[in-house]
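Asker: Before we start, here is the structure in question, set down as structure tokens.
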């Protein structure tokens, strides 16, 4: 099997990168898999991961048969993101292995485990939706505002004053610490 290794560390955790790669390389050797691609991403999990995206493109082009990661949190940004990418890889016929969690989607037991993870991820989303709906309903019942707090609209007088001084929308936004879109919205409302 042609395997791709994916290692990721945050900027403050770079010492584990070599450890991840070494453990995954050892796993490949024990399985007699061929290393087809090795990718290392450095940066926060919330930001774009160009290496991960390149691996997904390689999987779509059928250049790899399996992707190996050290831990699931190295691959997925969230449970939803993890399940979406695992589903895509499964549909492409590309295996996925997470060493730490002993999750191997190249085996029937691993695929069954991924199915259970998907069920729990959906259950988690439903619980979160219910909690949000209940919170909004309770806030309305008590007459409290819900949603994002007002910030830019509180500076409406300053926006109009600066516009009267012939300041640009960008300059108004910068000086008041609000977005240009908020400036345009306030001015349009009058």
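Asker: Please list 108-118, 126-136 highest first by mean number of surrounding beta-carbon atoms within 10 Å per residue.
Answerer: Packing proxy ranking, top to bottom: 108-118, 126-136.
Asker: Over the chain, what is the relative contact order in whole percent, taking alpha-carbon pairs under 8 Å and six or more residues apart?
Answerer: Relative contact order of the chain: 16 percent.
Asker: Which whole-number percent gives the relative contact order of segment 2-110, counting Cα pairs below 8 Å spaced six or more residues apart?
Answerer: For segment 2-110, the relative contact order is 29 percent.
Asker: Give me the tail of P(r) for segment 113-190 as a percent: Cα-Cα pairs with distance above 22 Å.
Answerer: 54
Asker: Could you tell me what a quarter of the Cα convex hull surface of the chain works out to, in nm² with one decimal place?
Answerer: 15.9
Asker: Return the whole-Å distance between the Cα centroid of segment 119-160 and the Cα centroid of segment 19-90.
Answerer: One Cα centre to the other: 35 Å.
Asker: Tilt of helix 108-141 relative to the longest C-alpha principal axis of the chain, in degrees (0 to 90, nearest 10)?
Answerer: For 108-141 against the chain, the angle is about 10 degrees.
Asker: For helix 79-92, what angle does its Cα long axis make with the longest principal axis of the chain, in degrees from 0 to 90 and rounded to 10?
Answerer: Once rounded, one gets 50 degrees.
Asker: State, as an integer percentage, the relative contact order of segment 113-190 based on alpha-carbon contacts under 8 Å between residues 6 or more apart.
Answerer: Result for segment 113-190 is 22 percent.
Asker: OK, next. Per the Debye formula with a single identical scatterer at each Cα and no solvent contribution, what log10 I(q)/I(0) holds for segment 2-110 at q = 0.09, 0.12 Å⁻¹?
Answerer: -0.19, -0.35
Every number here is computed from the coordinates shown, using simple stated rules; none is lab data. The shown structure was predicted, so the numbers you read here are calculated from the model rather than taken from an experiment. Positions of Cβ are backbone-derived with ideal geometry, glycine not excepted, and every protein chain shown enters the neighbour counts.
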